[in-house]
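Every number in this text was worked out from the coordinates using simple rules, so none of it is lab data. Because the structure is a prediction, the values reported are computed rather than measured. Note: ideal-geometry Cβ built from the backbone for every residue, glycine included; neighbour counts use all protein chains shown.
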């Protein structure tokens, strides 16, 4: 139903813009489908859909937020189209079409959002999960299902291995819990998989129609991460796109270069404004260079617009969200993500990719390799301007945050593909529009 809501949002947008355009052409005795306005109508449709997606419609807003979100989406698109027409000096689309479509689509977007929310509730009810594992694993699973799951589900029960394996005459704890809660899926942690009594109950439940997953399989499919508690070196023996699929690696590099060229054009446009802002509220060097660890552990110097005081940049502290070391103008650059634009040069030089694990400073990497199992494996691929961990996990500035993010990096390594890269780029665009500066 959530997918249907997305299709309906796009279809309704197209129908409103083209339908109103056709009505306007009929009234004014114009030939609509042979005029240049059809192409601008398509551009407006794309702008409306992109604006809706960036704001979180139809499936990432709450029901009460839907009218405001819908109004915001159409307002951004309508104002953007109007400003473009003002700069162009001609009516590319009639004002009637621009604003009538916007007003028409507000209730439609609210309806699509309601449909998506209903689908989400249905998915949570359909996938009712019981976990057998440590208490910490159950708590982590509950938190992540409430945050940003890839598939919605509801954790309805949890047992430790000792509780689930305490089988007495006529008493089977795991089967009883599934029966009481109406669970449709059981996730078994690694420790639970070693308990014969737990596995025997899981086999009976499987025969009765309940789905059984390892915790690793469930986290990968529903959450988009690989739990470190479940990993062994054998489980890391998977193909990595950058290393084992030459076609993917070449295509990724072509996309990187094209993206960098486009980004450098934006950089050229932005630099004059950055220079003025720097003189007013960010006095000091325009650029900031810092060593980072790249592919195969090689160090390179990442390039950014400077956002902190001249005496604050350096190695020794994690960068925090709303860091007090940020200058007033630097804070704006962070919020708008403009400080990242110079990294297009790193991409062009092959030191960065558009999508990949974010590179860290060498001293942090040395510390994290000592503390976190398998951390160095994220350096098998070229680091990225953005990554799966960045779109799945909130801003992190501690060792524990690095541990959490690594689980998403492992998922990216195991599932590296063009389609996953596209998902990361789409979600990054949404984060940029949310202005969640980092």
Subtracting the Cα-Cα distance of residue 289 and residue 7 from 0.36 nm times their residue separation yields 97.1 nm
The rounded separation in angstrom of the Cα centers of segment 99-128 and segment 318-395 is 34
Expected sort for 172-181, 43-52, 363-372 on mean C-beta neighbours within 10 Å, highest first, is 43-52, 172-181, 363-372
With a Förster distance of 35 angstrom and the Cβ-Cβ distance between residue 142 and residue 96, calculated FRET efficiency to the nearest 0.05 equals 0.10
Honestly segment 258-303 on the Cα gyration tensor test (a ≥ b ≥ c root eigenvalues; a/c under 1.5 rounded, otherwise a/b vs b/c for prolate or oblate) is just oblate
The alpha-carbon center of segment 168-219 and that of segment 247-270 are separated, in whole Å, by 48
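Need one word for segment 1-97: rounded, prolate or oblate. Basis is the Cα gyration tensor (sqrt eigenvalues a ≥ b ≥ c); a/c below 1.5 gives rounded, then a/b vs b/c decides.
Since a/c reaches 1.5 and a/b is larger than b/c, the shape of segment 1-97 is classed as prolate.
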One finds, for residue 62 and residue 251 with R0 = 25 angstrom and r their Cβ-Cβ distance, a FRET efficiency to the nearest 0.05 of 0.05
For the pair residue 43 and residue 349, the simple spin-label estimate (label points 7 Å beyond Cα toward Cβ) gives in nm 3.6
Under the rule rounded for a/c under 1.5, else prolate if a/b exceeds b/c, else oblate, using alpha carbon gyration tensor axes a ≥ b ≥ c, segment 241-434 is classed as oblate
Subtracting the Cα-Cα distance of residue 335 and residue 228 from 0.36 nm times their residue separation yields 35.3 nm
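Taking the highest mean first, how do the peptides 196-202, 350-356 order by number of other beta carbon atoms within 10 angstrom per residue?
Order by mean packing, descending: 350-356, 196-202.
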The computed P(r) of segment 127-229 puts the percent of Cα pairs beyond 18 Å at 39
Taking Cα atoms only, helix 95-126 is inclined relative to the longest principal axis of the chain by an angle, in degrees rounded to 10, of 0
Which of (i) 83, 57, 43; (ii) 67, 61, 42; (iii) 76, 46, 44 gives Cα extents along the principal axes in Å as computed here? It is (i)
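Provide the percentage of antiparallel DSSP beta bridges, counting only those with both residues in the chain; round to the nearest 5.
40
Report relative contact order for the chain in percent, whole number only (criteria: Cα-Cα under 8 Å, sequence separation at least 6).
Once divided by the residue count of the chain, the mean separation gives 13 percent.
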Residue span residue 418 to residue 151: 0.36 nm per residue of separation minus Cα-Cα distance leaves a gain in nm of 94.1 nm
Given 16-23, 243-250, 85-92, the highest-first ranking by average Cβ count within 10 Å works out to 16-23, 243-250, 85-92
Under the helix-only model (-39500 (n - 2.57) for each DSSP H run of 4 or more, divided by the residues of the chain), the mean residue ellipticity at 222 nm, to 500 deg cm²/dmol, is -18500 deg cm²/dmol
